[in-house]
Each structure stands twice: as structure tokens, then as C-alpha cells.
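One structure below.
The values are calculated or read from the model by the stated rules, or taken from the named source; none is laboratory data. Just so you know, these numbers come straight off a predicted model, no measurement behind them. Methodologically, a virtual Cβ is constructed for each residue, glycine included, from the backbone with ideal geometry; neighbour enumeration extends over all protein chains shown. To get the accessible areas, we keep the full protein, side chains included, count just its heavy atoms, and leave off ligands, DNA and RNA. Shrake-Rupley method; radii C 1.70, N 1.55, O 1.52, S 1.80 Å.
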Amino acid sequence: MIQAKIAETLNSNQFLQEFEIKGWVRAFRSNRFIALNDGSTINNLQCVVDFENFEEEILKRVTVGAAIRVLGTLKESQGSQQRVEIEVTELEILGDANPEEVKLTILSPKRHSLEKLREQAHLRVRTNTFGAVMRVRSRLSFAVHSYFQQNNFHYVNTPIITGSDAEGAGEIFKVTALDLKNPPKKENGEIDYKKDFFGKETNLTVSGQLEGEAYAMGLGQIYTFGPTFRAENSNTSRHLAEFWMIEPEMAFCDLDRNMDLAEDFIKYVVYDVLKHCKDDLEFLEQRLENEEKLKPKAERTEMSLLKKLNFVLENNFKRVSYTEAIEILKNCKPNKKKKFDYIIEEWGADLQSEHERYLVEKHFKSPVILFDYPANIKAFYMRLNEDGKTVRAMDILFPGIGEIVGGSQREERLEVLQSKMAELNIDEKELWWYLDTRKFGTCVHSGFGLGFERLVQFVTGMGNIRDVIPFPRTPQNAEF
Ligand code: ATP
Ligand code: MN
């Protein structure tokens with residue numbers, strides 16, 4: 001007897017052999033054909049039962065959602081839908097699913113909206129769409145590690161609870177063990193964090209970059225791949241409160257090589273899933289096409305999912321300086337006709353996602369790397385250019401997603417970093433250890449952060465970031 005997953009069974013040539021398969025019933029047609037799925041592939045296994053050989057009591061329990069065990073013979077299928085099927089000799093119900101109750105859930109066999117599926121996030125993984133997305137997500141994670149491991153990067157786990165807020169963005173979740181109803185107070189009435197668990201204020205990390213830099217200064221090339229948290233109250237289709245970020249950091253590496261690496265990395269992982277997740281991607285392409293058909297023509301994307309992925313592989317990302325981008329935006333139609341919410345008037349303006357999308361989707365029609373941003377709209381640690389007003393920052397912008405990567409060459413000169421921190425009122429005492437990295441063998445170094453869910457969104461064609469992570473964390477929602 002061969003115990004196999006459905007993915008293996010569907011490819012097997014061991015005809016007339018006994019197979020044992022366990023999975024969940026997707027459908028049971030004509031009291032004869034069970035469509036079985038075990039999560040190993042998007043494709044179901046057809047299990048054929050001769051109802052005369054089985055007790056009616058058992059057959060009645062073969063219902064949508066039930067877990068069953070099937071023993072049977074692998075045969076060439078008579079039907080045209082599948083190559084092989086299992087002729088069932090033994091059938092065991094492992095876990096019933098009451099049809100009356102199933103009817104009230106998303107397991108019921110009809111079309112449910114993505115919004116509805118979100119309300120039952122614990123069950124949606126049993127749908128074709130979420131099975132496909134989550135298998136692709138899993139493969140992408142593996143490809144991330146493969147890429148870096150093959151290229152001599154070391155995987156570093158930076159802390160999740162930190163005492164520093166890297167971006168100074170303020171959109172942080174505080175971590176405390178104090179009794180919030182009755183916290184210890186200082187004389188001036190403020191909460192006394194000296195009495196808290198860590199003896200200071202702490203928060204969930206928004207980025208592992210600063211710690212990553214310290215480690216690149218010893219291991220040479222590192223990457224992190226872990227959860228990050230932002231309490232930003234932006235209810236968009238691209239923001240989560242808890243998301244996974246990939247952050248490589250390289251010693252002896254300037255911005256140009258940083259851009260090369262980011263582009264090469266993205267191409268590698270896209271190539272890898274195209275190669276290993278063909279069935280899932282073809283299904284997701286079809287899903288996207290059906291979704292697009294419901295939109296007015298003008299809003300539809302021109303490229304199918306697989307075309308879009310291949311386009312990214314085959315074309316160089318357009319590298320454009322911030323200054324060039326501003327010129328394009330200042331003179332473009334939607335800006336002149338005041339179609340943008342934020343009109344671009346002069347150099348120095350921060351780009352909104354409407355501007356990024358215009359550049360990527362309308363002007364260049366390709367992924368774009370914008371670099372050399374004005375210093376005052378970027379973080380304190382970015383390398384100041386010789387012009388004294390721009391920094392060696394880069395953002396990679398993708399069609400449909402907007403920003404997918406944010407990175408920079410870091411300011412390696414101690415005095416320049418110190419004066420920048422002073423300018424922004426960042427206390428040196430808070431980041432004494434970070435400044436140490438500039439005192440002991442400082443060097444040119446660079447890195448970037450890539451939001452893993454935005455990558456999964458791009459690869460799967462899912463429009464909402466809530467649909468590419470198993471249990472999304474967003475404002476007003478921490479169910480499951
Ligand atoms: P955005 O302008 O889209 O909010 P950001 O400038 O805040 O992005 P960074 O701080 O540079 O982003 O973070 C690095 C990467 O992390 C981004 O390029 C993006 O891919 C991802 N990212 C940032 N914020 C979120 C979020 N709230 N949810 C999911 N991914 C995010
Ligand atoms: Mn942000």
C-alpha cells in the first residue's frame with residue numbers, strides 16, 4: 001500500500017497499486033465521484049465509489065467538508081477531466097461535517113466574496129483561492145532563504161521587542177508589563193517605566209535594520225526575515241499592522257549594488273515560483289481574469305498574471321532619480337488637470353501613492369527604482385550626497401502595489417550621522433550602540449526592506465493585502 005499525498009498520486013504511474021489517501025471532501029457527485037483535496041495541490045483527486053459495495057450509512061456521511069480516508073486502486077481515468085483516479089475499496093469517515101452547519105459557512109459550494117471569506121479566515125484555507133495563495137506564499141518564503149543562502153548571506157534574527165524606534169515614525173505598539181489600571185507614577189505624574197519589566201519604555205519592532213547593520217559589520221552580508229509591527233491607522237489594501245519584512249544588509253556595498261541586488265533578488269524569487277507553483281499560478285491567473293471582467297474596461301489591467309510575472313523577469317527595472325521623477329510628474333496630464341489629490345508643484349514634495357502609480361503604470365509601464373531623494377523626507381540614517389540636499393535612498397515601485405522595497409546606502413561617517421541626529425532631536429544616548437558601529441571599523445554599507453506580503457500580492461495578483469496572510473491584523477481586527 002502506498003501512502004501518498006494527492007499531489008504525488010496525480011503524477012503517479014503506479015497503476016493497479018493500492019493507495020491510501022486522507023483529505024477533505026470538496027464534492028460528491030451522483031453517489032459515485034468524490035472530489036478529494038488534501039492541501040498538497042490545487043487539484044482534487046477523483047475517487048470513484050461503487051455505491052453498491054458500501055453501506056448507505058457511510059455514503060451519507062461523505063459530505064462537503066468531511067475528512068475521510070480512502071483506500072483504493074490507481075487507475076487511468078475514464079473521464080477527460082483527469083489523468084488518473086482511485087477506484088475505492090475502503091472508505092472511512094475520519095471527521096464528519098454536518099451539511100446543515102456547513103451550509104452556513106464559506107465551505108458551502110458556491111461563490112463567496114473575498115470579504116465574506118475574511119470573516120471566516122479559519123476556514124478560507126480550504127478554498128481553491130486561499131489554498132493557492134498560501135502554497136505560493138510558502139514557496140516564496142523558501143525562495144527568499146534559498147536566494148540569500150546561495151549568495152553568502154547569513155540569516156539573522158533581530159529582536160521583536162526593542163527599545164528603539166528605527167524610523168522615528170511614532171506608529172508603534174508599546175510593550176508593557178505594567179498594570180494599566182494602576183501604573184507606578186513618577187513625582188511629576190508621568191508613568192514610571194523604570195518600574196516596568198525592562199526598566200525602560202519598549203515597543204514591538206517596526207524594522208530590524210539598525211540591529212541588522214550592526215550584524216553586517218561582523219558577518220559581512222546578512223538578512224532578516226521576520227514579523228514587524230506598525231500601528232498605522234491606514235486602512236488601505238497595502239498596509240497591515242503585522243507584516244513580514246525581509247531586510248538584507250551588506251557591508252562594503254554602495255547604492256548601485258544595493259539596487260542590483262534588490263532587482264536580482266526579486267527576479268530570482270519570481271522565477272522560482274513560476275517554476276514550482278505552476279498549477280496554483282494558472283488558477284490565480286484565471287481568478288484574476290474573472291475578477292477583472294467585472295470592472296469597467298478602462299480600469300482593467302492589460303496584462304494577465306503570468307505575463308506580468310514574465311515581464312518582470314525579462315525587463316530591467318527603470319532607474320530614475322527623484323529629480324527626474326518630479327519633472328515628469330510636474331508636467332504630466334493628471335497633475336496639470338489637477339486630477340491628483342496632491343498636486344506636485346516643486347522639488348522636495350513627498351510622493352504619494354497616486355504619483356508612484358502614475359510613474360509605474362502610466363509613464364514607464366514597468367517596475368521603477370527611484371533614487372536620490374530629498375534628505376528631509378527620508379530617515380536619519382541615509383547617506384548624504386555631495387550636493388548636501390539629497391540622500392542615497394531608493395524605493396522600488398511595482399504596478400498595482402506601489403512601493404515594494406525601501407532601501408538606502410547608510411551614512412557611515414560618524415560626524416555626519418551625529419549632526420543629522422542632533423538636527424532631528426534624536427538622543428545619542430538612545431542609539432549609543434548604533435553609533436559605535438561608526439566608531440569601530442565603519443564602512444560603506446547598504447540594505448533594503450521588502451514587505452513580504454506586498455511581494456505575495458504581486459505574485460498572486462490578489463488586490464488586498466488581507467488576503468495574502470493567514471490571519472491579518474488590521475485596525476479594529478485581531479480576530480482568530
Ligand atoms: P508605505 O509608504 O507604503 O507605507 P513605507 O515607506 O512605510 O511604505 P518602509 O518603512 O520603507 O515602508 O518599509 C519597507 C517595506 O515594508 C515597504 O517597502 C513595504 O514593502 C513594506 N511595508 C511598509 N509598511 C507596511 C505595512 N503596514 N504593511 C505591509 N507592508 C508594509
Ligand atoms: Mn508607511
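Values as computed for the structure displayed
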{"item": "Estimated distance in nm for a label pair at F471 and S146, the labels positioned 7 Å out from Cα along Cα-to-Cβ", "result": "3.0"}
{"item": "Cα centroid of region 420-455 to Cα centroid of region 245-282, whole Å", "result": "23"}
{"item": "Rg over Rh, two decimals, region 310-392 (C-alpha only, Kirkwood Rh)", "result": "1.00"}
{"item": "Length added when fully stretched, S353-E324, from 0.36 nm per residue minus Cα-Cα", "result": "8.7 nm"}
{"item": "Carbon plus sulfur fraction of accessible area for region 263-387, probe 1.4 Å, in percent", "result": "48"}
{"item": "Cα Rg, Dmax, region 371-453, angstrom units", "result": "13.8, 43"}
{"item": "Acute angle (nearest 10 degrees) that the helix 414-423 long axis makes with the longest principal axis of the chain, alpha-carbon atoms", "result": "90"}
{"item": "Taking region 105-222 and dividing mean pair separation by its residue count, relative contact order in percent (alpha carbons under 8 Å, at least six apart)", "result": "25"}
{"item": "P(r) tail fraction, region 103-233 - alpha-carbon pairs more than 21 Å apart, %", "result": "64"}
{"item": "Rh by Kirkwood over Cα pairs, then Stokes-Einstein D for region 28-76 at 0.692 mPa s and 37 °C, µm²/s", "result": "280"}
{"item": "Net lengthening on full extension, N376/R69 (0.36 nm per residue, minus Cα-Cα)", "result": "104.3 nm"}
{"item": "Distance from region 373-412 to region 92-145 (C-alpha centre basis), Å", "result": "39"}
{"item": "Loop-resident sites, region 1-67, for chymotrypsin sites (Phe, Trp or Tyr not before Pro), counting at most 12 other Cβ within 10 Å (DSSP)", "result": "F15"}
{"item": "Isotropically averaged projected area of region 426-480, using the convex hull of Cα atoms (one quarter of hull area), nm²", "result": "7.3"}
{"item": "Qualifying trypsin sites (Lys or Arg not before Pro) for region 169-262 [loop in DSSP, other Cβ within 10 Å: at most 11]", "result": "K181, K186, K200"}
{"item": "Ratio Rg/Rh [Cα only; Rh per Kirkwood] for the chain", "result": "1.04"}
{"item": "Kirkwood hydrodynamic radius of region 321-362, Cα pairs, Å", "result": "10.1"}
{"item": "Pair W432, K295: separation of 7 Å Cα→Cβ label points (nm)", "result": "5.4"}
{"item": "Prolate/oblate/rounded call for region 170-229, Cα gyration tensor, a/c under 1.5 rounded", "result": "prolate"}
